[in-house]
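Q: After the structure tokens below, expect a handful of questions from me.
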Amino acid sequence: MVQLVLKRDILKKMSNTATLEKSEAETKEKVVRPETVGLDDATKSAASKFIGEVSPPPAVGDLIEGKVINIQKNTVFVDLQPFGTGIIYGREFHVARDIIKNINPGDNVSGKIIDLEEREGYFEISLKEARQARVWSEAEEAIKNKNVFELTVQDANKGGLMLTWQGVIGFLPASQLNSEHYPRVADGDKDRILEELKKMVGQKFSVSIINASPKEGKLIFSEKNPELKKKIKIVEKYAVGDELEGEVTGVVDFGVFIKIEDGLEGLVHISEMDWGLVEDPKQMFKVGEKVKVKIIEVKDEKISLSIKALKKNPWLEAEKKYKKDETVSAVVIKFNKHGALASIEEGVSGLVHISEFGNETKLREKLSLGNSYKFKITNFEPKEQKMTLSYKEANEPEGDKEKDS
């Protein structure tokens, strides 16, 4: 209690200089006012109306605005008429020094009420908190209006890039980078991704705010939104079936990225690279290489491409040459969790299911990669490019088959 009284006494002394002239003026005003006794009804009505229009005093958390009436060594006094005087001191003065150094008596400032000392006529205010409140409010407006900002990349981590907006550090996830800046790294190596992201520090990006959370202090940016409308307009020029020439801009495990024109890239998925088995796209394509592609899907702002669609479909010829229950020779080209993949000719292969052998070990005892074996076609759907092969039915004696059944 003694500390509280002492604090108030100090504040009263500090503000005496600032409030003396104001107090004398108010006192003079009271002395020279005409007597209110005997005022007519119209004057009384006007006075009552004025009193009724006065706003309630500010509460903790309210944003206020007032004129700076005095700045002392560690204290700023702000006129909050008609409610009293606002004061910035102690910790709030320290954290707002960068703002206060640019303030002069007579300037209007915005603050946030953080404590009330109404008996002494002071409202403790924070410039920093008011500034932050305005920033988050502006962030919400920016999201609503889809505003675009030119911001410089400050730093990078394995997840994305750090940018600063209105003094708040925000995050631009790698997933929100446009195709031009997205780090295409084989095998998703996080250390290599970080290396690529760090190369962007110091660069300016056009971004929009997509999420703002003042409680968590979280600001999330996207580079995709600013280019979306422009990209959609570019995409609208193309249609499924169009044949184009593009440049390989990235090679990853799941396919290759092809630049069709400035601002537009499409993906050739690994399954659309060739009719035959493709295990490693990097062995087939290099960045900078020119390739011919066919558009197989246009959806929103994305274009899917195919290279194999420009080649003759081997399944069309296979349909004329092979039939279900026929025995054929096929080369084992791959093992997977379902069994073995065997090719009867280039681009036409079928699955030998693991269930015929019991487990993977027994399957590999019977079949080896690169070797040719006889198989029976047990299912053949050339239009769907599906075929199932049986090793057992093509190689076991008839007596053994009957025992198994």
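Q: Say we look at the stretch 183-217 and pick out the residues that are among the small types (G, A, S) and assigned to a helix (DSSP H, G or I); which of these is farthest from L161 (Cα to Cα)?
A: In this case the residue turns out to be A186.
Q: Also: Would you confirm whether or not the stretch 251-271 contains a residue that is surrounded by 15 or more Cβ atoms within 10 Å (Cβ to Cβ), basic (K, R) and not assigned by TED's automatic domain parsing to the domain that holds E384?
A: The answer is yes, given that some residue of the stretch 251-271 is surrounded by 15 or more Cβ atoms within 10 Å (Cβ to Cβ), basic (K, R) and not assigned by TED's automatic domain parsing to the domain that holds E384.
Q: Checking the condition under 25 Å from K215 (Cβ atoms) and without any contact (Cβ under 8 Å) to a residue 60 or more places away in the chain, which residue from L172, L197 passes?
A: Of L172, L197, the one residue that is under 25 Å from K215 (Cβ atoms) and without any contact (Cβ under 8 Å) to a residue 60 or more places away in the chain is L172.
Q: A further question on this structure: Quick check on E301: is it at pLDDT below 90, surrounded by fewer than 19 Cβ atoms within 10 Å (Cβ to Cβ), touching a helix residue (DSSP H, G or I) at 6+ places or on another chain (Cβ under 8 Å) and farther than 19 Å from T378 by Cα?
A: Judged against the criteria, E301 is a match.
Q: If you go through the stretch 273-291 one residue at a time, do you hit one that is at positive phi, surrounded by fewer than 18 Cβ atoms within 10 Å (Cβ to Cβ) and among the small types (G, A, S)?
A: Yes, some residue in the stretch 273-291 is at positive phi, surrounded by fewer than 18 Cβ atoms within 10 Å (Cβ to Cβ) and among the small types (G, A, S).
Q: Within 28 Å of F254 (Cβ to Cβ), among the β-branched types (V, I, T) and buried (at least 18 other Cβ atoms within 10 Å of the Cβ): does that describe I209?
A: Judged against the criteria, I209 is not a match.
Q: Just the residues that are part of a strand (DSSP E or B) and either on the phi > 0 side of the Ramachandran plot or surrounded by fewer than 18 Cβ atoms within 10 Å (Cβ to Cβ) (or both), please, taken from the stretch 306-342.
A: Those that are part of a strand (DSSP E or B) and either on the phi > 0 side of the Ramachandran plot or surrounded by fewer than 18 Cβ atoms within 10 Å (Cβ to Cβ) (or both): T327, S329, V331, I333, K334, F335, N336, G339.
Q: Let me ask something else. Could you grab me the full set of residues in the stretch 282-305 that are in contact (Cβ under 8 Å) with a residue 12 or more places away in the chain, assigned to a strand (DSSP E or B) and within 29 Å of the chain's Cα centre (by Cα)?
A: Scanning the stretch 282-305 gives I295, I296, E297, V298, K302, I303, S304, L305.
Q: Same structure, new question: Check the stretch 218-237 and report whether any residue there is modelled with pLDDT of 90 or more, assigned to a strand (DSSP E or B), of a type in the set (V, I, T) and assigned by TED's automatic domain parsing to the domain that holds V153.
A: yes
Q: While we're here: Give the residue that is modelled with the lowest pLDDT, with candidates limited to residues of the stretch 93-130 that are within 34 Å of the chain's Cα centre (by Cα) and in a helix (DSSP H, G or I).
A: A130
Q: Consider D155 against the criteria (1) surrounded by 17 or more Cβ atoms within 10 Å (Cβ to Cβ); (2) more than 25 Å from I258 (Cβ to Cβ): it satisfies all of them except one. Which criterion is unmet?
A: Evaluating D155 over (1) surrounded by 17 or more Cβ atoms within 10 Å (Cβ to Cβ); (2) more than 25 Å from I258 (Cβ to Cβ) leaves (1) as the failure.
The values are calculated or read from the model by the stated rules, or taken from the named source; none is laboratory data. Being a predicted model, the structure only gives us computed values, none of them experimental. Neighbour counts are summed over all protein chains in view; Cβ atoms, including those assigned to glycine, are modelled from backbone coordinates with ideal geometry.
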